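The values are calculated or read from the model by the stated rules, or taken from the named source; none is laboratory data. The structure displayed is predicted, hence computed values, not measured ones. All Cβ positions, glycine included, derive from the backbone under ideal geometry; neighbour counts span all protein chains shown. Just so you know, the surface numbers come from the protein's heavy atoms only, side chains and all, with ligands and any DNA or RNA stripped out. Shrake-Rupley method; radii C 1.70, N 1.55, O 1.52, S 1.80 Å.
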Amino acid sequence: MNKTATGFTKKLDIPTPKEKLRHPMDRYLRTERFPHIWCATCGIGTILTAFISGLEKSGLEQEKVAVVSGIGCSGRAAGYLRLDSFHTTHGRAIPFATGLALGNPELKVVVISGDGDLVAIGGNHFIHAARRNIDLTIICINNFNYAMTGGQAGPTTPIEANASTAPYGCYEFPFNLPYLAESSGAVYVARWTSLHIRRLAKSITEALLKPGFSFIEVICPCSTLYARRNRLGTGLDLMRFYHDNALIKHGADTREIDIHYQDRIVVGKFIDKDKPTFLQKRDKFLRGKLGDKFVPYKGPQPI
Amino acid sequence: MTYWRVPLDLDQVEIPHGNIQIIVNQCKGCGFCVEYCPQNVLAMSTDFNRKGYHYPNIIKQDLCVNCNLCEIICPEFAIFVIEDKPRHPNPGDILKGGGNHGS
Ligand SMILES: Cc1ncc(C[n+]2csc(CCOP(=O)(O)OP(=O)(O)O)c2C)c(N)n1
Ligand code: SF4
Ligand code: SF4
Ligand code: SF4
Ligand SMILES: [Mg+2]
């Protein structure tokens, strides 16, 4: 029996498991680094779970998949995955991933990172990787702010939303990420929320198996900063908000799916088309110019 | 699983069943699993785990249909289900007022 601050006695009934339970996803996780840093009711962990289920369904070998992240709460994802993974500097996940994908075309390279990392400081890399149709899968965790550094307004913060650098509300026009990805050249574009776990996992499988630049935006609750500053409750309240306000509209015109503050969120698969990847195009083009003189790069060879 | 009438092929109906496992001290009490379990199998505890969070308790283990939703919605990798032998529906699965004639 312990005495509590209020003077009442309450039995602290802390259960101790007899043996360590092993979660079935543990084989994909660096559990030695747990507990992870994400706050209670943050949605990033759920997206990581969806990624693992999507990866499992894709049938890709664990050794043939690499995950790259930048900096931010979302950027911690790579570090918790028991795959070849790399935590790059802020904004540079895509250039690092591009190098990996071109240097070892056998690898499926995935980037999991935040909205600030991918489309603010890393925005230039994003549009050019999409333009060149580099074989990458990009999962952008959009929590509408720079969470890790204290909830500043970023390129996806909706107009009116409060942020630490926008105390009267944000007045800048935000990016509409699916539209940005499509117009830059992405061959697969989808948007889900962290509530749509099964559909998200299915999209992740499709994106992983799609050659070329595939992009999935995942709207995610940031309970500690975005939700708290805007008095939106906990992550669970935001999940309920997604439940009531997400509208599934496959094939929607990406020009019409901007996100407004606490308004309906159009989700779905918007683009799924075929286009030669950077490497396919290069090889075909140079073979056309050089004929037999062209020796395509085959990736790392045993010495 | 609830039925609004007694299924005609009652003897052949099999309901998938799962055994829920909770890694209590890994939970951060978000409540996602409790809120979204389609069978309302779980409820938040009044007790705390080692981190000081309420965690889910299993209140209706019998009703778990092994859908895995709790497992994939949990941001903490703190809950999972192990497939168990499917079971046959019992009278508790038929909604009150339901009858053979599907009234
Ligand atoms: C070059 C550089 N500039 C700024 C920072 C500070 N910084 C760290 S994380 C971050 C923003 C991350 O935002 P986002 O990518 O949306 O991730 P979140 O934390 O929201 O998941 C910033 C600006 C940095 N680490 N490096
Ligand atoms: S600050 Fe926000 S995004 Fe970062 S871990 Fe906490 S809830 Fe998640
Ligand atoms: S597996 Fe499905 S039915 Fe069983 S506890 Fe989890 S969410 Fe509920
Ligand atoms: S979803 Fe996971 S972290 Fe959240 S309450 Fe359930 S077991 Fe705990
Ligand atoms: Mg962010």
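In sequence order, what are the phi-derived ³J(HN,Hα) couplings for region A:220-234 according to the Karplus relation 6.51 cos²θ - 1.76 cosθ + 1.60 with θ = phi - 60°, rounded to whole Hz, with x for glycine and proline?
So the J values, rounded to whole Hz, are 9, x, 10, 6, 6, 10, 4, 5, 5, 4, 9, 6, 9, x, 9.
Quick one: which of A:Lys20/A:Lys64; A:Lys57/A:Lys284; A:Lys202/B:Lys60; A:Lys202/B:Lys28; A:Lys64/A:Lys281; A:Lys210/B:Lys28 span more than 28 angstrom between C-alpha atoms?
A:Lys20/A:Lys64; A:Lys57/A:Lys284; A:Lys202/B:Lys60; A:Lys210/B:Lys28
State, in square angstrom and to the nearest 100, the accessible area buried between chains A and B, both chains counted, probe radius 1.4 Å.
Chains A and B together bury approximately 2800 Å².
Can you show me the helix-derived [θ] at 222 nm for chain B, built from DSSP H runs with n ≥ 4 at -39,500 (n - 2.57) apiece and divided by the number of residues, rounded to the nearest 500.
-2000 deg cm²/dmol
Which angle from 0 to 90°, rounded to the nearest 10, does the C-alpha axis of helix A:44-58 make with the longest principal axis of chain A?
40 degrees
Below 8 Å, C-alpha to C-alpha, sequence gap of six or more: please give me the relative contact order for chain A in percent.
Worked out over chain A, it gives 17 percent.
Leaving ligands, DNA and RNA out of it, report the carbon-plus-sulfur percent of the accessible area of chain B at a 1.4 Å probe.
Percent of accessible area from carbon and sulfur atoms in chain B: 54.
Can you tell me how region A:242-285 classifies by the Cα gyration tensor, rounded, prolate or oblate, using a/c under 1.5 as the rounded cut?
Prolate, because a/c is 1.5 or more and a/b exceeds b/c.
At q = 0.07 Å⁻¹, what is the log10 ratio I(q)/I(0) for the protein assembly as shown, with the Debye formula run over Cα points and no solvent?
-0.38
Shape verdict for region B:23-93, please, from the Cα gyration tensor: rounded (a/c under 1.5), prolate (a/b greater than b/c) or oblate.
Prolate, since a/c reaches 1.5 and a/b exceeds b/c.
For chain B, can you list the cysteines whose C-beta has no other cysteine C-beta under 4.7 Å from it?
B:Cys27, B:Cys30, B:Cys37, B:Cys64, B:Cys67, B:Cys74
Per residue, how large is the accessible surface of the protein assembly as shown? Use a 1.4 angstrom probe and give square angstrom.
Accessible area per residue: 49 Å².
Accessible area drop of at least 40 Å² (1.4 Å probe, protein heavy atoms): which residues of region B:17-50 qualify, relative to the chain alone?
Output list: B:Ile23, B:Lys28, B:Cys30, B:Phe32, B:Glu35, B:Tyr36, B:Asp47, B:Phe48, B:Arg50.
Would you pull out the residues with amide H under 5 Å of A:Ile134's amide H, same chain only if 5 or more places away, H placed 1.01 Å from N?
A:Phe213, A:Phe278
Connecting C-alpha atoms closer than 10 Å in a GNM of chain A, tell me which of A:His23, A:His260, A:His90 has the biggest fluctuation.
Judging by the Gaussian network model, the answer is A:His23.
Quick check: from the Cα gyration tensor, does region A:142-239 come out rounded (a/c under 1.5), prolate or oblate?
Oblate, since a/c reaches 1.5 and b/c is not below a/b.
Can you pull the accessible area of A:Leu48 for me, 1.4 Å probe, Å² to the nearest 10?
10 Å²
Could you grab the relative contact order for region A:133-212? Cα pairs under 8 Å, six or more apart, rounded to a whole percent.
25 percent
Counting only protein heavy atoms and a 1.4 Å probe, tell me what percentage of chain A's accessible area is made up of carbon and sulfur.
55 percent
Sort A:Tyr188, B:Tyr53 by heavy-atom solvent-accessible area, probe 1.4 angstrom, most to least.
So the residues, ranked largest to smallest area, are B:Tyr53, A:Tyr188.
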